[in-house]
Amino acid sequence: MRRNTLNSLLVLSLLLIAAGCKSKKAIVKAPPAAETVAPVLNTKKLENLKTLKSKDLPYTTLSLKGKVNLEIEGKENGVSVNIRVKKDEMIWISMTAIAGIEVARALITPDSLIVRNNLQSLAIKKPFSYIYKFTSKQVTFKMLQSVLTGNTIDELMTERSVVDLNGGIFTLSGDKTGLGYRVLFNTLLKTAELNLNDAKAGQALKVAYSDYQDVTGALFPSVTKINSVSGTKKTNISFDFNKIERNVPLDFPFSVPKRFELIN
């Protein structure tokens, strides 16, 4: 039971990547494709990729607060979540129950991950490669950042990808050493849906983004819904962020008290 509980929290931390709160900021609605005037683009693929990349949210730090709902194999839980990101260095996650009690904390870096279960005084510390139990081996720390923010994924934004434009809607698709991908962009040129599929490993990830908000001049998806399949295991996660800040001073407190049991 201890191991199952900790693994559930670990999956939440790893996938990162929305329900229960109304946004405090105005939603920037994507116009219907039929009403969209497509930007004047160079016919070269690299120019199209550059245009899509230019819509990414630039940041050095991110602070995200809201609600998260997690469903693993039919069991559903909802908590408040506080996520802090230092770009390319760390992702810090704190989950709090309705009573205001912090139930778990996690820290993910390009090299490692640590998850702390406060309710049962348990902790797990593993190399970053441990996430491959849940995701494809093609997934990197930077890719996790992109999944969380709705930004484009650098590894996919290459001339090897197929880029289509139909009625003001871009799609990006291809295969990266066994990892199939398809990305659908909305008429704001922001990611609307991301699909990753590792057929050989029996793993698939679908992420849907909506309710984009203006965050000091750039767009961020306040609602993110994730569906993950790994073998016979299915996980659904939804985030609804009601407070989004970028480039603000942040700290990333994390320690494992001596009373905690470190498990493998």
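A few points about this structure:
- When +1 charges are put on Lys and Arg Cβ atoms and -1 charges on Asp and Glu Cβ atoms, the dipole computed for the chain relative to its Cα centre reaches about 560 debye.
- Counted charge near Gln138, where neighbours are those whose Cβ lies closer than 9 Å (Asp, Glu -1; Lys, Arg +1): 0
- The calculated pair-distance distribution of the chain uses every alpha carbon pair, bins of 10 angstrom beginning at 0, and gives 7, 30, 36, 20, 6, 1, 0 percent.
- Cleavage-rule hits (trypsin sites (Lys or Arg not before Pro)) in the range 225-264: DSSP loop, at most 16 neighbouring Cβ within 10 angstrom: Lys258, Arg259
- Positive minus negative residues near Leu194 (Lys, Arg vs Asp, Glu; Cβ under 12 Å): +3
- Unit charges at the beta carbon, dipole of the range 2-262: most positive-side option, Gly78, Asn227, Leu49: Gly78
- Net charge contributed by nearby residues that have their C-beta within less than 12 Å of Ala204 (K/R +1, D/E -1): +4
- In the chain, the DSSP-assigned H stretches of four residues or longer account for a calculated mean residue ellipticity at 222 nm of -3500 deg cm²/dmol, using -39500 (n - 2.57) per stretch and the full residue count as denominator.
- Those trypsin sites (Lys or Arg not before Pro) in the range 40-140 that DSSP places in a loop and that have at most 12 other beta carbons within 10 Å: Lys44
Readers should treat all values here as calculations from the given coordinates under stated rules, not as data from a laboratory. As the structure is a prediction and not an experimental result, all values here were calculated from the model. Virtual Cβ from ideal backbone geometry, glycine too; neighbours counted across all protein chains shown.
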